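Read the structure below first, then the notes.
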Amino acid sequence: MSVPAIEIESIQKRYGRFEALKELSLTVPAGSVFGLLGPNGAGKSTLVKSLLTIVRPTLCRGTLLGKKIGHRPTLAKVGYLPEHAKFPDYLTGRQIVSYSARMTKVVAKQATVKTEELLELVGMGHWADKRNGTYSKGMRQRVGLAQALVNDPEIVFLDEPTDGVDPEGRVEIRGIIEKMRDQGRTVFVNSHLLAEVEAVADEVAILAQGKIVERGRTADLVKSGSRFIVRALGPVPFELKAAFEREGAKVAGDRVECECEDAKGVQGIIDALRKAGVVVREVIETRTSLEEVFMRAIRQSKGGES
Ligand SMILES: Nc1ncnc2c1ncn2[C@@H]1O[C@H](COP(=O)(O)OP(=O)(O)O)[C@@H](O)[C@H]1O
Ligand SMILES: [Mg+2]
């Protein structure tokens, strides 16, 4: 196993009396896209800013790229697109990226090459000489993404990269995130927009009120608790309905709906129906979306508190 990109043993952040991050731990594997999801105010930006020493955590133990969090030289290997990033309207895309590149320790000539390469990567080559003020939100964010890569970072933090971006722009940003991963970088994405993160993140953690309420590989989270719907030809007989409901299934008319690990779990329902002479018309598997996982996790965390 390679060293995780981030290994938080314990982090906590209070703003005055308010506890924005309750003691939590988190591991982010290297070379993957990691999504930190949660509603507004959950503490996502606070977590990222704490790792980058932009805010001072109340308590923080752990490593970033194998070095103690806060280790200055390591921060030079980090890229960052802050939430609501705003660059001056009068600068062109090229000027924004080139200025950021020259802020790093690379010599000017390399900064120029790097700028062109990054503008191409984010699909802004054509528009590079137009002013930022004329760009759409999606284009601004793409310039912001290029800006986050000028120091050739090992890990990139993107705080709500698609916030306020139209659907087409979001798809483009998702593509750029995938390219970053293909280049071997770890990408840490904060987002309250689930569908996009579901499409791009290898792993996610769900943060609610400063606590992690769910985490795992995206594929496993959306798989666990698959739902199956068995449809009969005609209504499900009353005795069977009662029996299925005792087992936790929902029955309405010709439909029996149950949550189970895999298709094996519904065979009992099919057998029972057939034994009672009922014709099974179809069996549908509906995958849980990350949105459902998210809503369930948030509900459970609220329930746990009351
Ligand atoms: N500088 C600050 N001072 C006081 N409270 C803050 C500060 N920054 C954030 N908070 C509070 O901390 C909580 C988490 O904020 P934030 O990390 O921005 O959440 P998210 O990024 O998930 O929307 C919110 O309730 C917010 O109001
Ligand atoms: Mg935020």
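The values are calculated or read from the model by the stated rules, or taken from the named source; none is laboratory data. Since we're looking at a predicted model, the values are computed, not measured. Quick reminder, even Gly has a Cβ in these numbers, built from the backbone with ideal geometry, and neighbours come from all protein chains shown.
Having 1 or more residues that are away from ligand 1 (no atom under 16 Å from the Cβ), in the same structural domain as residue 203 (by TED's automatic domain parsing) and surrounded by fewer than 16 Cβ atoms within 10 Å (Cβ to Cβ) is the bar; report the helices (runs of 4 or more DSSP H) wholly within region 1-112 that clear it.
72-75, 93-103
Would region 165-174 turn up any residue that is of a type in the set (Lys, Arg), surrounded by fewer than 21 Cβ atoms within 10 Å (Cβ to Cβ) and in contact with a helix residue (DSSP H, G or I) (Cβ under 8 Å, 6 or more places away or on another chain)?
Yes, because at least one residue in region 165-174 is of a type in the set (Lys, Arg), surrounded by fewer than 21 Cβ atoms within 10 Å (Cβ to Cβ) and in contact with a helix residue (DSSP H, G or I) (Cβ under 8 Å, 6 or more places away or on another chain).
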Checking residue 15 against (1) over 25 Å from residue 162 (Cβ atoms); (2) away from ligand 2 (no atom under 16 Å from the Cβ), only one condition comes out false. Which one? (2)
Would you check which residues across region 221-265 are modelled with pLDDT of 85 or more and on the phi > 0 side of the Ramachandran plot and list them? 234, 248, 253
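So that you can scan it fast, the table gives a plain yes or no per residue for (1) surrounded by 15 or more Cβ atoms within 10 Å (Cβ to Cβ); (2) within 16 Å of ligand 2 (Cβ to nearest atom):
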site: 197; (1), (2): yes, yes
site: 209; (1), (2): yes, yes
site: 228; (1), (2): yes, no
site: 249; (1), (2): yes, no
site: 276; (1), (2): no, no
site: 283; (1), (2): yes, no
With the requirement that a residue be modelled with pLDDT of 95 or more and assigned to a strand (DSSP E or B), what does region 176-202 give you? 186, 187, 188, 189, 190
Only residues in region 181-205 that are under 22 Å from residue 149 (Cβ atoms) count as the first member; pair them with residues that are of a type in the set (Val, Ile, Thr) and within 13 Å of ligand 1 (Cβ to nearest atom), Cβ under 9 angstrom, at least 6 apart or cross-chain, and list the lot. 188/48; 190/48; 196/189; 197/189; 200/189; 201/189
Among the residues in region 126-136, are any assigned by TED's automatic domain parsing to the domain that holds residue 186 and within 21 Å of residue 188 (Cα to Cα)? no
Which pairs turn up if I take residues in region 211-235 that are under 25 Å from residue 24 (Cβ atoms) and look for partners that are of a type in the set (Gly, Ala, Ser) with beta carbon separation below 7 Å, at least 6 apart in sequence or on another chain? 211/301; 212/205; 213/297; 213/301; 214/297; 215/205; 218/201; 222/289
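Give the number of residues within region 119-165 that are among the hydroxyl-bearing types (Ser, Thr, Tyr), outside any loop (DSSP other than H, G, I, E, B) and in contact (Cβ under 8 Å) with a residue 24 or more places away in the chain.
Final tally of qualifying residues: 0.
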Quick check on my filter: what residues within region 42-76 are within 16 Å of ligand 2 (Cβ to nearest atom) and without any contact (Cβ under 8 Å) to a residue 12 or more places away in the chain? 49, 54
Residues of region 149-181 being of a type in the set (D, E, K, R) and either farther than 22 Å from residue 66 by Cβ or within 10 Å of the chain's Cα centre (by Cα) (or both), which ones? 159, 160, 163, 166, 168, 170, 172, 174, 178, 179
